[in-house]
1. Just the residues that are of a type outside the set (S, T, N, Q), surrounded by fewer than 16 Cβ atoms within 10 Å (Cβ to Cβ) and touching a residue at least 40 places away in the same chain (Cβ under 8 Å), please, taken from the range A:77-93.
2. Collect the residues in the range B:29-87 that are in contact with a helix residue (DSSP H, G or I) (Cβ under 9 Å, 6 or more places away or on another chain), within 14 Å of another protein chain (Cβ to nearest Cβ) and closer than 26 Å to A:Val87 by Cα, keeping them in residue-number order.
3. Restricting to the range A:62-92, count the residues that are away from chain B (no Cβ under 14 Å) and among the aliphatic types (A, V, I, L, M).
4. Considering only residues of the range B:71-94 that are more than 14 Å from the chain's Cα centre (by Cα) and not in a loop (DSSP other than H, G, I, E, B), which is nearest to B:Glu14 (Cα to Cα)?
5. Could you tell me which numbered condition A:Ala41 fails, if it satisfies all but one of (1) hydrophobic (A, V, I, L, M, F, W, C); (2) assigned to a strand (DSSP E or B); (3) at pLDDT below 95?
6. Select from the range B:90-114 the residues that are within 7 Å of another protein chain (Cβ to nearest Cβ) and without any contact (Cβ under 8 Å) to a residue 12 or more places away in the chain and list them in ascending order.
7. Within the group A:Ser95, A:Ser28, which residue is more than 11 Å from chain B (Cβ to nearest Cβ) and not in a strand (DSSP E or B)?
8. Based on what the data block shows, is A:Lys38 away from chain B (no Cβ under 14 Å) and either over 24 Å from B:Tyr35 (Cα atoms) or in contact with a Ser or Thr (Cβ under 8 Å, 6 or more places away or on another chain) (or both)?
Amino acid sequence: DQQVKQNSPSLSVQEGRISILNCDYTNSMFDYFLWYKKYPAEGPTFLISISSIKDKNEDGRFTVFLNKSAKHLSLHIVPSQPGDSAVYFCAARGSNYKLTFGKGTLLTVNP
Amino acid sequence: EAGVTQFPSHSVIEKGQTVTLRCDPISGHDNLYWYRRVMGKEIKFLLHFVKESKQDESGMPNNRFLAERTGGTYSTLKVQPAELEDSGVYFCASSPRVARAEAFFGQGTRLTVV
């Protein structure tokens, strides 16, 4: 069973516009949620995280929103830049500290 | 500060052979994790070391996989004998303490078993 789901395999946006990446989860015991960015042939790079007791965390152009009642989180990138083009993974941390990942969403930002 | 480094970056071996992957975590990071991504699928947890002790190895597929972290520094992941389904990208990650959720990943080792 997939506890973390990213239902959109890909997303395409114009440079300067907002990118919204979505993630759903099923396990209410997750205590942290993270977003990682991955370029081809590289490892995932940590982007931003949010504790389960918060509903928003912002870092520059990146904001993560958490809706616990809906078991849903989203990553907003504003404004989007061509260099943001990558695969974005949503991950959740359980009580045993391991991360459970979604399958990823390929973001393409067009100039 | 050096990041997490993994060696080799690529490995192609025949079914039945043995392969050993190495991970050097960020200096001072007690927590070391191994993950694997099989083509097109999600990144999956394999195991977690705290210093030299295995904290959680619930993700290890079977007893053909053996992970060690002697002295609590670098770690090795040995696959013996390798099977076709072991092909994928093996990532190592480290973090300074479990209170911090984010783990820092290496570039991965792409293993191809033919």
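The values are calculated or read from the model by the stated rules, or taken from the named source; none is laboratory data. All of these numbers come straight from a predicted model, not from anything done at the bench. So basically every Cβ, Gly included, is an ideal-geometry build from the backbone, and we count neighbours across all protein chains shown.
1. As a first pass, look at the range A:77-93 and keep what is of a type outside the set (S, T, N, Q): A:77-79, A:82-84, A:86-93.
After this cut, where a residue has to be surrounded by fewer than 16 Cβ atoms within 10 Å (Cβ to Cβ) as well, the list is A:78-79, A:82-83.
Correct list: A:Val78, A:Pro79, A:Pro82.
2. B:Leu32, B:Arg36, B:Val38
3. Within the range A:62-92, the subset away from chain B (no Cβ under 14 Å) is A:63, A:65, A:67-72, A:74-85.
Now drop any that are not among the aliphatic types (A, V, I, L, M), which leaves A:70, A:75, A:77-78.
The qualifying residues number 4.
4. Of all residues in the range B:71-94, those more than 14 Å from the chain's Cα centre (by Cα) come to B:71-72, B:80-85.
Keeping just the survivors that are not in a loop (DSSP other than H, G, I, E, B) gives B:71-72, B:84-85.
Numbers: B:Gly71: 31, B:Gly72: 31, B:Leu84: 8, B:Glu85: 12 Å.
The qualifying residue nearest to B:Glu14 (Cα to Cα) is B:Leu84.
5. If we test A:Ala41 against (1) hydrophobic (A, V, I, L, M, F, W, C); (2) assigned to a strand (DSSP E or B); (3) at pLDDT below 95, just (2) comes out false.
6. B:Ala101, B:Glu102
7. On the way: A:Ser95 fails: more than 11 Å from chain B (Cβ to nearest Cβ).
Among A:Ser95, A:Ser28, only A:Ser28 is more than 11 Å from chain B (Cβ to nearest Cβ) and not in a strand (DSSP E or B).
8. On the way: away from chain B (no Cβ under 14 Å): no; either over 24 Å from B:Tyr35 (Cα atoms) or in contact with a Ser or Thr (Cβ under 8 Å, 6 or more places away or on another chain) (or both): yes.
Here the answer is no, as A:Lys38 does not meet what is asked.
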